Amino acid sequence: MPYLLSKNSNPTPSCEPREGVCVSNVSIARGGRIVIENLSLSLVEKRIALVGLNGSGKSTLVRALNGLISPIKGKVCIHGVDAVKSPKAAARMVGFVFQNPDHQIIFPTVAEDIAFGLRQAGISKSTTRAQAKALLREYDCEEWADRPISELSEGQKHLVCILSVLIMEPEVLVLDEPFSSLDIAVRTNLLSRLKHLRQQIILINHDLDVFDSFDRMIWLKDGRVEADGLPESITPLYRKHAMEVAGRLTPESL
Amino acid sequence: MISTYISGDSWLHRLPAGWKLIGLCIFTMVLFPVESPAIAASGFLAALALFTVVGREGYRRLLALRSVLYLLVFLLIFHVLAGTLTSGIVAVFRLMTMVVLATLVTFTTRMEDMLDALNPVLTPLNFIGISSRRIALAIALVIRFTPFLIALADELGSAFKARTGKRGGVRLTAPFAVLALRTADHVSDALAARGGADGFDNIDEVGEGNTPNDQ
């Protein structure tokens, strides 16, 4: 990339370690209920899978990484930035891709939305537009620049979401069930694009097949780490647990 | 689904947003004192002719505004009852001209450019403690989410019809409001994830009075 962003132009509270994501003794409450209790994790692997049944605290945990949610206790450190003390600096480090593109895309046309993050960092319109177009060119979709978001397909919208985040050159990319509305072909294509990125990736997904080449899988249950290791060793355990739960589920607990 | 921008490379697309807004302003002022229906009508025809820059697609989308016609019919009836038919006709042409021109400006201006053009106009708000940046962003969001909300309302209408065979009408107002608010919630999260309404310029310091600066 021919440009450089001054991520640390303002003094921000720093913390150790300077590499990766570090969560220490974190407790998070949502709606008056403790969702995550005393969780500690050190995330340095490049491709990390986060799995767990609904309500296990996955979404809550990743939202604490970029300051969308503040923990009631503990410390979150993203590449040396304290996410609790300076959520905006953390948001700058952690690119967040949401489940539904219609909830993430803010501007009416493609290039504007991709450029938005850079403009938020105070960079001029002509520069950000040129960068947005360059990124689109890199992904062979330069002609999308002025296309209205409402005319894109679901898969194209997802790609725009990813590009809008990538343009800010984050260190970590967090994706919260990003592909649930896509067909297998589009999903596979987007996933292979993700796998080639230099960024550290933390991916939440219910379809476990996507985690094939991942370096680590963390299984959350009731806000705690139930198991943590290589996907090939965790997947069978998690799948077995999910099947057991499936057999026990009552309409009350669906 | 409708959208508020038609991509293209016409002279109107290239004209800076500020000039378009000023042009719209001047045209309104010129049209205001007109009393002859013939002149008002030719103003309208001129506006329609200008629409050729966005091609057939532009005219097609203009048809989506036909609900405005009801309003105009009411206005005309009011004038007929008041015995001022001529000024009624002039008023109707004037309004139609303004709607067509404003639509044309919307169709040919990117949101970003519109915001930059509006920003100086909104700057005085800063003096009374309202962030012009926030207002500008709010305008962008309204324009971006209008098509989305229309689609949402359609979906809700189909869901209602699928189970009752009837049109939902006003009964769907409350559920629609709930869905719209939920969408707003999601968007505020998305906005926060990209620096919030105030951007990354002023990286924040949360904490009780202590501003750590050990960088």
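Given the -39500 (n - 2.57) contribution per DSSP H run of 4+ residues, what per-residue ellipticity at 222 nm results for chain A, rounded to the nearest 500 deg cm²/dmol?
-10500 deg cm²/dmol
Between the range A:238-254 and the range A:54-81, how far is it from one alpha carbon centroid to the other, in angstrom?
27 Å
Please compute the Kirkwood hydrodynamic radius over the range B:63-172, one decimal place, Å, based on all pairs of different Cα atoms.
17.7 Å
Over the Cα atoms of the range A:13-125, what Rg and Dmax result, in angstrom?
According to the Cα coordinates of the range A:13-125, Rg and Dmax are 15.3, 44 Å.
Based on the Cα coordinates of the protein assembly as shown, what is the per residue volume of their convex hull in Å³?
Spread over its residues, the Cα hull of the protein assembly as shown gives 194 Å³ apiece.
Using a Gaussian network model on chain A with a 10 Å cutoff between Cα atoms, which of A:ARG193, A:ARG63, A:ARG33 fluctuates the most?
A:ARG33
Between the helical axis of B:37-50 and the dominant principal axis of chain B, each derived from Cα atoms, what acute angle in degrees is found, rounded to the nearest 10?
Helix B:37-50 sits at roughly 50 degrees to that axis.
Can you give the accessible area of B:VAL73 in Å² (nearest 10), computed on protein heavy atoms with a 1.4 Å probe?
Surface accessible to solvent at B:VAL73 totals approximately 80 Å².
List the pair-distance distribution P(r) of the range A:113-186, using every Cα-Cα distance, as the percent of pairs falling in each 5 Å bin from 0 up to the bin containing the longest distance, rounded to whole percents.
Taking all Cα pairs of the range A:113-186, the binned fractions are 3, 15, 25, 24, 20, 10, 3, 1 percent.
Residues with amide H under 5 Å of A:VAL35's amide H, sequence separation 5 or more or different chain, H placed in the peptide plane at 1.01 Å from N; which?
Those qualifying (amide H under 5 Å, at least 5 residues apart or on another chain) are A:ILE28, A:ALA29, A:ARG30.
Given the Cα-Cα distance of B:LEU181 and B:TYR59 and 0.36 nm per residue of separation, how much length would full extension add, in nm?
My answer for the length gained is 40.6 nm.
Cα atoms only, chain A: Rg and Dmax in Å?
Radius of gyration, then largest Cα-Cα span, for chain A: 18.6, 58 Å.
Using a 10 angstrom Cβ neighbour count of at most 15 plus a DSSP loop assignment to flag exposed GluC sites (Glu not before Pro), which longest range of chain B is free of such sites?
Answer from the scan: B:36-207.
If you take every DSSP beta bridge whose two residues both sit in chain A, what share of them, in percent to the nearest 5, is antiparallel?
The answer is about 55 percent antiparallel.
With springs only between Cα atoms under 10 Å, which of B:VAL54, B:VAL187, B:VAL90 fluctuates most in a Gaussian network model of chain B?
Result for chain B, Cα springs under 10 Å: B:VAL187 fluctuates most.
Per 10 Å bin, what percent of the C-alpha pairs of the range B:135-189 does each bin hold, from zero upward?
22, 48, 23, 7, 0
Taking the Cα centre of the range B:150-203 as the origin, how large is its charge dipole in debye, to the nearest 20, when only Lys and Arg (+1) and Asp and Glu (-1) carry charge on their Cβ atoms?
620 debye
Report Rg(Cα)/(2.2 N^0.38 Å) for chain B, keeping two decimals.
Normalised Cα radius of gyration, chain B: 1.31.
When chain B is treated as a GNM, springs tying every alpha-carbon pair under 10 Å, which of B:LEU149, B:LEU81, B:LEU122 comes out with the largest mean-square fluctuation?
B:LEU81
Over the Cα atoms of the range A:31-96, each weighted equally, I'd like the Debye log10 I(q)/I(0) at q = 0.16, 0.19, 0.28 Å⁻¹, rounded to two decimals.
Log-scaled intensity ratios, in q order: -0.54, -0.77, -1.46.
For the range A:167-227, what is the charge dipole size about the Cα centre, in debye to the nearest 20, if Lys and Arg each add +1 at the Cβ and Asp and Glu each add -1 at the Cβ?
The calculation lands at about 140 debye.
At a 4.7 angstrom Cβ threshold, list every cysteine in chain A that has nobody to pair with, or say none.
Result for chain A is A:CYS141, A:CYS161, no neighbouring Cys Cβ within the cutoff.
Considering the options A:GLY31, A:THR109, A:SER253, tell which one lies farthest towards the positive end of the dipole of chain A, charges being +1 on Lys and Arg and -1 on Asp and Glu at the Cβ, about the Cα centre.
A:GLY31
Kindly provide the helix-only [θ] at 222 nm of chain B, computed as the sum of -39,500 (n - 2.57) over DSSP H runs of four or more divided by all residues, to the nearest 500 deg cm²/dmol?
Helices in chain B give a 222 nm mean residue ellipticity of -22500 deg cm²/dmol.
Taking trypsin sites (Lys or Arg not before Pro) as exposed when DSSP calls them loop (any state but H, G, I, E, B) and at most 13 other Cβ atoms lie within 10 Å, what is the longest stretch of chain B free of them, the sites themselves excluded?
It works out to B:1-165.
Can you run the Rg to Rh ratio on the range A:138-254? Use alpha carbon positions and the Kirkwood inverse-distance Rh.
Rounded to two decimals, Rg over Rh is 1.03.
Determine the distance separating the Cα centre of the range B:5-70 from the Cα centre of the range A:96-168; give it in Å without decimals.
Rounded to whole Å, the Cα centres lie 29 Å apart.
Once phi is turned into θ = phi - 60°, what whole-Hz ³J(HN,Hα) does the Karplus curve with 6.51, -1.76 and 1.60 give for every residue of the range B:60-70, x standing for Gly and Pro?
4, 6, 5, 4, 4, 8, 5, 5, 4, 4, 4
Might you report the magnitude of the Cβ-based charge dipole of chain A about its Cα centre, with Lys and Arg at +1 and Asp and Glu at -1, to the nearest 20 debye?
Taking the Cα centre of chain A as origin, the dipole is about 780 debye.
The values are calculated or read from the model by the stated rules, or taken from the named source; none is laboratory data. Keep in mind it's a predicted model, so treat the numbers as computed, not measured. Reconstructed Cβ throughout: ideal geometry from the backbone, glycine too, with neighbour counts over all protein chains shown. Areas reflect the complete protein model, heavy atoms only, side chains present, ligands, DNA and RNA absent. Shrake-Rupley method; radii C 1.70, N 1.55, O 1.52, S 1.80 Å.
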